[in-house]
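Visitor: Take a look at this one; I'll ask things after.
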Amino acid sequence: MLIKYLYIVLVVFFILSPFIFILYRSFTYRTYWGIEFVGLKFYSEIPSAYWRALVNSLIVGLLVSLIDFTIAFPAAFILARYEFKYKRILTALLVAPMFTPDVVAGVGLATIYIRYYKLYGSFVGTLLGLASTSYPMMLLPLFASLRTLDPIYEDVARTLGAKPYQVVTRVVLPLIGPGIFSGFVLTFVWCLNNYLLPLFITGGAIDLLAVKLYSDIRWWGLLGRVAAEASILQIFTFIVVLLYLKSIGERYKGGFAL
Amino acid sequence: MEKLLKTSYILLIIPTIVYLVLFWLIPLVNIILMSFTRGESFILGQPEYVGPQNYIVVVRDYASTIRNTIIFPLSAAVLDFILGYPLAYLLVRRKVLFRNILRASLIFPYFGDIYVSYGLWNMFLPGGPFDLFFNITGLSYRQVLYTPYAVILGFSIFTLPFMVLYTASSLSEIDPAMEEAAYTLGASPLRAFYQVILPLSAPGAVAGFIACFGWNLGGFLIPLLLGGVEASDVMTVKIVYLTLQLHNYGLAATLATVLMLMTIVSTYLTFKITRVAG
């Protein structure tokens, strides 16, 4: 019993120690004589460009989640409802972008953006690029919740004379609401924290929070201000994830949590 | 009529496929094409094809990079297995308090290697919590930070959730009666574990192992920050350096192709094993 909890506490501490230590760093300053508590001093030192990037990131995150939903919903619906040839291969291909390393996706997208699409450094290009590796995170919860939803509801709506789009908007979407929410949270948080893909495709034209944080960590990593910046983003992520886990039932997570 | 309707519904998937082709498949194909060209020539629109020259350079000069790219994630996956398997077992079989917080902390590292690498880096620097450890053992922090050990530690924290996730899903499918039957038949807990639970949960554990490996192949900031000069010799870091600093896109694309192949193989194996499992 005791060993069990000791073990769990140890492993959780192992996972969380970097996160906790950044938080601790953002409130303290180490001098030659010891450790000094500085309160919110480092937080007040955060430049205004950081807050602008935060707003940018929130907007980009929301828009990318919307694009992800548009891309993923028809696919999830058809994969969950119909059987057809090559369905297995198609499913694997649709989920594969999630497993593509960001570096590879970044180099590839930068290349075609510069050579063919002329989207390099543009807002639309950034959104579509971010969506390309994140939409499986929307697809999986949607697919999981659609598969567990009994098709009888759709049949009933259809017999009662609903048009196909009415079946979707009035019956299917409300019934899989938690699955949609689940997908939005996952893609949104993922976008907020992705620095590698924007590094390749924005060309520095759009300030995103994670990219700014990445360059701050690289060049000013020892400053307390950077620890404060990182803390804000990670606390935000943690709260969103915690609320998400508390509010969503098991079957809507699409294999994304225990 | 019914059949026609069904076909027309299935056609709704086409926009998604078009998007997938435009923003995922074409970039990957272009990377492969670019790996046969010199420097920036492909990206600027006048590709100079040089044959397999880039691949020869990779085999000649980047052998250590490829070796590290395989060894670091592999060691991290082993560490994850040792730490994650018991945790998954406890989560599935025993009642645990604060389950939600536990789950949230498990899902947390998913969302970025920024915090894992930055936090660990700060912890290992002088003034961090490892000072005491370094004082007692007489080591210098430089003997841990900027070595492969730090990178492997970072990787294993980053991917521990995958291991727990896959193993737990496989463990939860085992009927507890199996375990009880082993006990009733007189098996010691250790024997019951080795001969009943471990073989039955093996597919999940193996899938978790490969998933950990695959995700860490793409890790960038962890080797960059924790690996210093020598231990950051992995493919992602080299690709970023080659593209953003040296503009040698041909060589970078070659490395990216190799990295992609490694990811495809590991992802394929994960899928294959999880399908066998359930």
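Visitor: Return the residue satisfying two criteria in turn: it lies in the stretch B:197-224 and is among the aliphatic types (A, V, I, L, M) and more than 19 Å from residue B:153 (Cβ to Cβ), and of such residues it is surrounded by the most Cβ atoms within 10 Å (Cβ to Cβ).
Guide: Among those residues, the one meeting the criterion is B:207.
Visitor: Also, I was wondering about something else. Do any helices (runs of 4 or more DSSP H) lying entirely in the stretch B:85-150 carry at least 3 residues that are modelled with pLDDT of 85 or more and under 19 Å from residue B:222 (Cα atoms), and which ones are they?
Guide: Ranges flagged: B:113-124.
Visitor: So residue A:59 passes all but one of these: (1) under 25 Å from residue A:217 (Cβ atoms); (2) of a type in the set (A, V, I, L, M, F, W, C); (3) crowded, with 20+ Cβ neighbours inside 10 Å. Which condition number does it fail?
Guide: Result: residue A:59 fails condition (3) only.
Visitor: Taking the stretch B:51-71 as the search range and keeping residues that are loosely packed, with under 15 Cβ neighbours inside 10 Å and not in a helix (DSSP H, G or I), which one is modelled with the highest pLDDT?
Guide: Applying the filter and picking the extreme gives B:52.
Results for (1) crowded, with 18+ Cβ neighbours inside 10 Å; (2) of a type in the set (Phe, Trp, Tyr); (3) at negative phi; (4) not in a helix (DSSP H, G or I), shown as yes or no for each residue.
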position: A:154; (1), (2), (3), (4): yes, no, yes, no
position: A:165; (1), (2), (3), (4): no, yes, yes, no
position: A:172; (1), (2), (3), (4): yes, no, yes, no
position: A:203; (1), (2), (3), (4): no, no, no, yes
position: A:212; (1), (2), (3), (4): yes, no, yes, no
position: A:215; (1), (2), (3), (4): no, no, yes, no
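Visitor: Could you check the stretch B:220-278 and list, in sequence order, the residues that are within 15 Å of residue B:57 (Cα to Cα) and of a type in the set (Lys, Arg)?
Guide: Selection gives B:238 alone.
Visitor: Which one of the conditions (1) touching a residue at least 60 places away in the same chain (Cβ under 8 Å); (2) surrounded by 21 or more Cβ atoms within 10 Å (Cβ to Cβ) does residue B:274 fail to meet, given that it meets all the rest?
Guide: Here residue B:274 meets the rest and fails (2).
Visitor: Quick one: residue B:126 ticks every box in (1) surrounded by 15 or more Cβ atoms within 10 Å (Cβ to Cβ); (2) within 13 Å of chain A (Cβ to nearest Cβ) except a single one, so which number is it?
Guide: Among (1) surrounded by 15 or more Cβ atoms within 10 Å (Cβ to Cβ); (2) within 13 Å of chain A (Cβ to nearest Cβ), the lone unmet condition for residue B:126 is (1).
Visitor: On to the next question. Of everything in the stretch A:228-247, what is touching a residue at least 12 places away in the same chain (Cβ under 8 Å) and facing chain B (nearest Cβ under 7 Å)? Give them in sequence order.
Guide: Of everything in the stretch A:228-247, those that are touching a residue at least 12 places away in the same chain (Cβ under 8 Å) and facing chain B (nearest Cβ under 7 Å) turn out to be A:230, A:234, A:237, A:238, A:241, A:245.
Visitor: Among the residues of the stretch B:37-46, are any outside any helix (DSSP H, G or I), of a type in the set (Val, Ile, Thr) and either out of contact with any helix residue (DSSP H, G or I) (no Cβ under 9 Å at 6 or more places or on another chain) or buried (at least 20 other Cβ atoms within 10 Å of the Cβ) (or both)?
Guide: Yes, the conditions are met somewhere in the stretch B:37-46.
Visitor: Here is a check on your reading of the model: is residue B:10 within 9 Å of chain A (Cβ to nearest Cβ), more than 27 Å from the chain's Cα centre (by Cα) and either of a type in the set (A, V, I, L, M) or in a helix (DSSP H, G or I) (or both)?
Guide: yes
Visitor: Something else: List pairs: first in the stretch A:15-26 and within 14 Å of residue A:223 (Cα to Cα), second surrounded by fewer than 20 Cβ atoms within 10 Å (Cβ to Cβ) and charged (D, E, K, R), Cβ under 9 Å, 6+ apart or cross-chain?
Guide: A:26/A:225
Visitor: I'd like to check something: does the stretch A:69-78 contain any residue that is touching a Pro at 6+ places or on another chain (Cβ under 6 Å), under 20 Å from residue B:18 (Cβ atoms) and more than 7 Å from chain B (Cβ to nearest Cβ)?
Guide: Among the residues of the stretch A:69-78, not one is touching a Pro at 6+ places or on another chain (Cβ under 6 Å), under 20 Å from residue B:18 (Cβ atoms) and more than 7 Å from chain B (Cβ to nearest Cβ), which makes the answer no.
Visitor: Would you pick out the residues in the stretch B:227-271 that are under 17 Å from the mean Cα position of the chain (by Cα), part of a helix (DSSP H, G or I), crowded, with 24+ Cβ neighbours inside 10 Å and more than 10 Å from every other protein chain (Cβ to nearest Cβ)?
Guide: Correct list: empty.
The values are calculated or read from the model by the stated rules, or taken from the named source; none is laboratory data. Computed from a predicted structure; not experimentally measured. For neighbour counting, all protein chains shown are included, and Cβ atoms are generated from backbone atoms with ideal geometry for every residue, glycine included.
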